[in-house]
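The values are calculated or read from the model by the stated rules, or taken from the named source; none is laboratory data. What you see is a predicted model, and the numbers here were worked out from it, not measured in a lab. When we count neighbours, we look across all protein chains shown, and the Cβ atoms used for this are built from the backbone with ideal geometry, even at glycine.
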Amino acid sequence: MKIISANFEKKDSHTLAVYEAGGGYAAARKALSMGGGAVVEEVKKSGLRGRGGAGFPAGVKWGFVPKGVDQPVYLCVNADEGEPGTFKDRHIMEKDPHRLIEGIIIASYAVGIHTAFIYVRGEYVFQIARTQRAVDEAYAKGYLGPDVMGSGFALDVVIHRGAGAYICGEETGLIESIEGKKGQPRPKPPFPAVVGLFRCPTVVNNVETISALPFIINEGAEKYASLGTPKSTGTMLFSVSGMVEKPGVYEQEFGVNFWEFLEKRAGGVKGGRALKAVVPGGSSSPILTADEARSATLDYESLAEKGSMLGSGAIIVYSEDVCLVRALAVITRFYAHESCGQCPPCREGTYWLHRIVKRIETGAGTMSDLDLILRVCGNMRGTTVCVLSDACAMPVESYVRKFRSEFEEHITRGGCRFPAETG
Amino acid sequence: MEKHTAATIAFDEEREARFQRTLRAYPEKGAALLPALWLAQEQFGSLSDDVLAYVASRLECAPVKAFAVAEFYTMYKRERVGRFHLQLCRNLTCSLMGSEKLRAFIENAVGIQPGGRTPDGLFSLELVECLGSCGTAPVLRVNDTYFENITIERMKAILENCRKGTLPDPESL
Ligand SMILES: Cc1cc2nc3c(=O)[nH]c(=O)nc-3n(C[C@H](O)[C@H](O)[C@H](O)COP(=O)(O)O)c2cc1C
Ligand code: SF4
Ligand code: FES
């Protein structure tokens, strides 16, 4: 079932003409005639959950915006796409930016928003240009601006270019960044829905979350909720990379067997090698063993049950010859580099985890390092302004717990027995 | 590009127009800092102290704020980069797919380390985090262009083209 990626294969799918020829912007028109409250209800009923990582129900989040306040309300569309392994939002911006814009109209109208910012990571120059062109087309057609589709509803869309900082994907880091500051997250509460951008109520949603809205309005919440499982409704774009035959972005209805999905859609493990492990939801998600991946289903509940998470849908496949100690050294280096530095447990913890894992990788570690790692992780959980600290500690704990023998082997052998490169 | 001093720094006509549009897009002037820094970097090549002071003056904010923001974000360059700025991804999937080997190859072929720039100013090298292109790893970004599924062969072709003064079209490689 293709909802988000329905147009990806069409020629010139990024243009207004092609989007409209496929029925585009009918949902926005319909929403504008429904009344905002009804749209929010519909999205709540659809069960749509945020695709940026946390999986929070979109309609419920919108409901947290206080009613009748004498302040503007803002929408921030999160297109920072920084979670390692994730490369789906760029496909939406590249191939179907009008679906995103239509979703923005629907969300904005529902919540009473008149200015939406799309925060795009700085590297996505091509995607920014594509999306900007689509925004310009929408303005020219009267789908954005002071009188959207003649409804009297006003909406402006501004594209804000990031400049290289993973932490700006965190919703309050993102808000700080739009305000022209360093992207250092804010303590919560207050949550952005109450005090967000420019101290006003703000909705932050991922590109893919917003892009699901046109379908929900067109086809109805019930249709959407009938797809997937009761708690994971609809479809999701999965970014599949690593040691698979056919890496790429695949839209998939929730609830299928995790491993069958990888075999059927992505061709299974590269070169017919054996599967060692899978990262199910971006580098922040705890690793799954091959057995866990074989028994999991592709939905929020099943992965939570396995102690991991669906996250941003970024699946990274590790074959038997991948060194998990090296992989973890890369992961910890990344988080140490990206910690914004304002919380000591995160700043120090990410730094030490990387030092210790690196020393094991190069053969200079000791057995007591393994418990030291777990102790450091313990100190990093639940003690900081944002969850980047947890996002580092969670995978580290899981790699060391589930694949402890590989770490021990590095320590006793004084180094690695795997090839330096697997791809 | 000629050397700029604090007194002579100013947005050119086109960027001034874009700057004015940017100011109108945000409800607070300070929020225009990131886009203004992008404009400045585009025009002046890097964000020197003088350029930062200029941007700060245009936004009526303290120069130290512009300085702090320029230092926080990795894509803002305080020093000039090469005419071809090679950004090699070193994150998870790319490292699985061979970016380490590419790194050694580039270092050797161009004669610089990450963070370095060739004396003729042609190349600079930076190791970057996940570029959001892991399905086509390993990935190299040169200036604003992505080159995907990089092999040593393709890497050679890219460098060769750059040495002749043009960034190749990724499709043509
Ligand atoms: C360190 C960190 C990085 C994040 N990066 C992203 C990102 O790149 N894109 C994204 O949509 N959400 C990201 N998030 C999640 C956002 O904070 C937020 O939950 C999300 O944008 C909300 O949208 P959703 O409810 O539609 O998923 C990140 C969170 C953290 C803690
Ligand atoms: S947890 Fe880390 S990244 Fe998040 S605010 Fe604290 S120091 Fe910054
Ligand atoms: S790991 Fe290199 S692009 Fe994602």
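Couple of notes before you dig in:
Per-residue answers, yes or no, for (1) polar (S, T, N, Q); (2) away from ligand 2 (no atom under 16 Å from the Cβ); (3) surrounded by fewer than 19 Cβ atoms within 10 Å (Cβ to Cβ); (4) without any contact (Cβ under 8 Å) to a residue 12 or more places away in the chain:
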{"position": "A:THR172", "(1), (2), (3), (4)": "yes, no, no, no"}
{"position": "A:ILE178", "(1), (2), (3), (4)": "no, yes, no, no"}
{"position": "A:VAL194", "(1), (2), (3), (4)": "no, yes, yes, no"}
{"position": "A:PHE198", "(1), (2), (3), (4)": "no, yes, yes, no"}
{"position": "A:PRO201", "(1), (2), (3), (4)": "no, yes, no, no"}
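- Residue under evaluation A:CYS416, criteria (1) exposed (fewer than 15 other Cβ atoms within 10 Å of the Cβ); (2) assigned to a loop (DSSP other than H, G, I, E, B); (3) of a type outside the set (S, T, N, Q), criterion not met: (1)
- Beta carbons closer than 8 Å, at least 6 apart along the sequence or on distinct chains, never pair a first residue in the range A:298-319 that is of a type in the set (Gly, Ala, Ser) with a second that is at pLDDT below 95 and part of a strand (DSSP E or B).
- Residues that are farther than 24 Å from A:VAL120 by Cα, surrounded by fewer than 22 Cβ atoms within 10 Å (Cβ to Cβ) and more than 8 Å from chain A (Cβ to nearest Cβ) within the range B:81-102 comprise B:GLY82, B:ARG83, listed in sequence order.
- Any hit, the range A:26-36, residues being of a type outside the set (Gly, Ala, Ser) and closer than 30 Å to A:PRO280 by Cβ: no
- A:ALA58, sole failed condition from (1) more than 11 Å from chain B (Cβ to nearest Cβ); (2) over 30 Å from A:CYS392 (Cβ atoms); (3) in contact (Cβ under 8 Å) with a residue 60 or more places away in the chain: (2)
- Any hit, the range A:321-333, residues being within 13 Å of chain B (Cβ to nearest Cβ), part of a loop (DSSP other than H, G, I, E, B), in contact with a Gly (Cβ under 9 Å, 6 or more places away or on another chain) and within 16 Å of ligand 3 (Cβ to nearest atom): yes
- Enumeration of residues in the range A:342-361 that are over 19 Å from A:THR383 (Cβ atoms) and acidic (Asp, Glu): A:GLU361
- Scanning the range B:125-147 for residues that are more than 17 Å from A:GLU94 (Cβ to Cβ), of a type in the set (A, V, I, L, M, F, W, C) and more than 16 Å from ligand 1 (Cβ to nearest atom) gives B:LEU125, B:LEU127, B:ALA137, B:LEU140, B:VAL142.
- Scope the range A:378-413; condition more than 14 Å from chain B (Cβ to nearest Cβ), within 23 Å of the chain's Cα centre (by Cα) and not in a loop (DSSP other than H, G, I, E, B); matching residues: A:MET380, A:SER389, A:ASP390, A:ALA393, A:MET394, A:GLU397, A:SER398
- The set of residues in the range B:126-138 being in contact with a helix residue (DSSP H, G or I) (Cβ under 6 Å, 6 or more places away or on another chain) and more than 7 Å from chain A (Cβ to nearest Cβ) consists of B:PRO138 alone.
- Matching entry among A:LEU324, A:LEU353 (being closer than 19 Å to A:GLU397 by Cα and within 16 Å of ligand 1 (Cβ to nearest atom)): A:LEU353
- The range B:103-140, residues that are closer than 25 Å to A:PHE126 by Cα and of a type in the set (Ser, Thr, Tyr): B:SER124, B:SER133, B:THR136
- Taken together, A:SER312, A:SER398 contain a single residue that is within 16 Å of ligand 3 (Cβ to nearest atom) and either of a type outside the set (Lys, Arg) or buried (at least 22 other Cβ atoms within 10 Å of the Cβ) (or both), which is A:SER312.
- Criterion (touching a Pro at 6+ places or on another chain (Cβ under 9 Å) and either at the interface with chain A (Cβ under 9 Å from one of its Cβ atoms) or on the phi > 0 side of the Ramachandran plot (or both)) met by exactly one of B:PRO35, B:PRO27: B:PRO27
- The one condition from (1) within 14 Å of chain B (Cβ to nearest Cβ); (2) without any contact (Cβ under 8 Å) to a residue 12 or more places away in the chain that A:GLY142 does not meet is (1).
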